[in-house]
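Take a look at the structure set out below.
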């Protein structure tokens, strides 16, 4: 809880302060993330292997679009792709680590439901992460990209289910986080509908 | 208003987190040590941990 929230605040602050540089040198940040992930993968217990870092990045990605217009939203949205890609890199490390652990200790086919939900969420995340890279995104048509990225909501739902179903001491915290996102997203959708109704002339 | 509310909720959660999770355990996890606070359920399923500690590194009570 402390780690995830601490990371959310630190990452949020870094994005607000250095958004332009993160966007400009994003390829180097991806490289650093890959290097850190490889090192983490060789260790046993790290906050990356346990998934805390990945989920922190993704919470910022999720919540960015639901915020009110302002500097913070502008900066977060400006680095949303970078946050998503780096979060994916760390999440892949987390996923791979646990898959290998399950295979090593021969419980891959007897794992709890949240384990399989985790694997499915990584599989759903992969095309989203790849198409978040500018090189790939430029080759796609806007409509097709938007359609594919509707899968993000499936991914977010799977992530929250995955962490909630672990049913540990932090379960309530994850439910609150999921609730905050759901409420904010709901408010955003309602606000958009109201604005669309205002713009459309009355028949 | 929405943004301020969000920040307030997250700060409150952070404060609750700091109160519930010992800073020592958080610091231990950052350095790579297993702790009871951050015990992974899957370790228990695999039978490789007892009470959040890896086999071979049980707390000595110091």
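Peptide A:45-52 has a mean of 4 when you count, residue by residue, the C-beta atoms of other protein chains within 10 Å of its C-beta. In this simple spin-label model, placing a label point 7 Å from the Cα along the Cα-to-Cβ direction at both residue A:27 and residue B:18 gives a separation of 4.1 nm. For region A:1-20 and region A:26-86, what is the separation of their Cα centres, given in Å? Spelled out, the Cα-based centre of one part sits 9 Å from the other. Using Cα atoms only, what is the angle between the long axis of helix A:171-199 and the major principal axis of chain A, expressed in degrees (0 to 90) to the nearest 10? For A:171-199 against chain A, the angle is about 20 degrees. Remark: mean inter-chain Cβ contacts per residue of A:65-76 equal 2, using a 10 Å Cβ-Cβ cutoff to other protein chain atoms.
Considering all alpha-carbon pairs of region A:31-85, what whole percent are spaced by more than 17 angstrom? When every Cα pair of region A:31-85 is considered, 46 percent fall beyond 17 Å. When peptides A:182-193, A:75-86, A:33-44, A:153-164 are ranked by their average number of other Cβ atoms within 10 Å per residue, the highest-first order is A:75-86, A:153-164, A:33-44, A:182-193. So for chain A, considering every pair of alpha-carbon atoms, how many percent are separated by more than 20 Å? That tail contains 60 percent of the Cα-Cα pairs. Once the chain from residue A:148 to residue A:123 is taken as fully extended at 0.36 nm per residue, the excess over their C-alpha distance is 7.6 nm. The stretch between residue A:171 and residue A:188, if pulled fully straight at 0.36 nm per residue, gains 3.5 nm over its current Cα-Cα span.
Inter-chain Cβ neighbour count for A:93-101, averaged per residue, equals 1 (cutoff 10 Å, partner chain atoms only). Under 18 Å from a point 7 Å along the Cα-to-Cβ line of residue A:20: which residues of region A:63-86 have their amide N that close? Only A:71-80 fall inside the zone, counting backbone N under 18 Å.
Here the label points at residue A:74 and residue A:41, each 7 Å from Cα along the C-beta direction, are separated by 3.9 nm in the simple model. At an R0 of 41 angstrom, the distance between the Cβ atoms of residue A:139 and residue B:9 translates into a FRET efficiency of 0.55. Taking the C-alpha atoms only, the angle from helix A:2-24 to the longest principal axis of chain A is near 60 degrees.
Where a number appears in this text, it was derived from the coordinates with a stated rule and is not lab data. Since this is a predicted model, take the numbers as computed values, not measurements. Cβ atoms come from the backbone with ideal geometry, glycine included; neighbour counts cover every protein chain shown.
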